[in-house]
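Remarks on the structure that follows.
The values are calculated or read from the model by the stated rules, or taken from the named source; none is laboratory data. Please read these numbers as outputs of a predicted model, since none were measured by experiment. Here the Cβ positions follow ideal geometry from the backbone for every residue, glycine too, while neighbour counts run over all protein chains shown.
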Amino acid sequence: MHGTEAPSEWVRRWTPLIAPGSTALDVACGTGRHLRWLRSQGHPVVGVDRSADAVAACEGLGELLLADIEDGPWPLAGRQFGAVVVTNYLWRPLLPTLVESVAPGGVLIYETFAQGNETVGRPARPEFLLAPGELLGACPGLRVVAYEDGFLQEPARFVQRITAVRELPQPGGPSRHLLPMWAS
């Protein structure tokens, strides 16, 4: 079943930046692969999806919201989270809301398809593919910690991904966002 695969390597890599015990929001959570991962790492989780079947598959994981975030109001207005996680989903009008949903000290972890993907598979429609550098421009007020835009072979896809934090003022020096070691 779609959504039951392993959590994204990008999400796993950057999960350590999420403050211990802080709540993580998974946008367009599907059947909960990232909700399960984040919960296993000690984070209370909130998931939102427009599919009743997907939300039902996540029963018992945390706070779940059935909502059409493209044609309806944002169901989490005024709330902020220690992490906002988005994978394989793009609705450009929602990008500012997602950035606003990152709490002070929180992190945005975002990975989705980019232009070029139309040459290897789906999605192929331009409205679902990020233009070069688009995620960089979508994160005002956040400090970019990591960004990638390119081609992945397994499975073949073009992606753009970003990890960005909403920094807290640090007396005595700059914030230290520990970059995880990553085996190549």
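This table checks each residue for (1) hydroxyl-bearing (Ser, Thr, Tyr); (2) exposed (fewer than 13 other Cβ atoms within 10 Å of the Cβ).
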{"position": "His43", "(1), (2)": "no, no"}
{"position": "Gly47", "(1), (2)": "no, no"}
{"position": "Ala56", "(1), (2)": "no, yes"}
{"position": "Gly60", "(1), (2)": "no, yes"}
{"position": "Ile69", "(1), (2)": "no, no"}
{"position": "Gln80", "(1), (2)": "no, no"}
{"position": "Thr87", "(1), (2)": "yes, no"}
{"position": "Leu98", "(1), (2)": "no, no"}
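Just one of the numbered conditions (1) surrounded by fewer than 21 Cβ atoms within 10 Å (Cβ to Cβ); (2) farther than 23 Å from Pro44 by Cβ; (3) at pLDDT 95 or above is not true of Cys139: (1). Residues in region 100-130 that are within 24 Å of Trp74 (Cβ to Cβ), part of a loop (DSSP other than H, G, I, E, B) and of a type in the set (A, V, I, L, M): Leu129 alone. Say we look at region 39-85 and pick out the residues that are small (Gly, Ala, Ser) and in contact (Cβ under 8 Å) with a residue 60 or more places away in the chain; which of these is nearest to Trp10 (Cα to Cα)? Looking at the filtered set, the residue picked out is Ala83.
Candidates in region 154-184 are the residues that are modelled with pLDDT of 90 or more and assigned to a loop (DSSP other than H, G, I, E, B); of these, the one that is surrounded by the most Cβ atoms within 10 Å (Cβ to Cβ) is Arg166.
When you scan region 134-142, do you find a residue that is touching a residue at least 24 places away in the same chain (Cβ under 8 Å), touching a Gly at 6+ places or on another chain (Cβ under 8 Å), under 28 Å from Glu63 (Cβ atoms) and not in a helix (DSSP H, G or I), even just one?
As a first pass, look at region 134-142 and keep what is touching a residue at least 24 places away in the same chain (Cβ under 8 Å): 134-136, 138-142.
Going one step further and asking which of them are touching a Gly at 6+ places or on another chain (Cβ under 8 Å), we end up with none.
Within region 134-142, none of the residues are touching a residue at least 24 places away in the same chain (Cβ under 8 Å), touching a Gly at 6+ places or on another chain (Cβ under 8 Å), under 28 Å from Glu63 (Cβ atoms) and not in a helix (DSSP H, G or I).
Considering region 1-38, the residues that are free of Cβ contacts under 8 Å to residues at least 40 places away in the same chain and of a type in the set (A, V, I, L, M, F, W, C) include one that is surrounded by the most Cβ atoms within 10 Å (Cβ to Cβ), namely Cys29.
Looking for something surrounded by 15 or more Cβ atoms within 10 Å (Cβ to Cβ), out of contact with any strand residue (DSSP E or B) (no Cβ under 7 Å at 6 or more places or on another chain) and either farther than 23 Å from Ala19 by Cα or without any contact (Cβ under 8 Å) to a residue 12 or more places away in the chain (or both) - is there at least one such residue anywhere in region 108-115? No, region 108-115 contains no residue that is surrounded by 15 or more Cβ atoms within 10 Å (Cβ to Cβ), out of contact with any strand residue (DSSP E or B) (no Cβ under 7 Å at 6 or more places or on another chain) and either farther than 23 Å from Ala19 by Cα or without any contact (Cβ under 8 Å) to a residue 12 or more places away in the chain (or both).
Among strands (runs of 3 or more DSSP E) entirely within region 4-87, having at least 3 residues that are β-branched (Val, Ile, Thr) and at pLDDT 95 or above singles out 45-49, 81-87.
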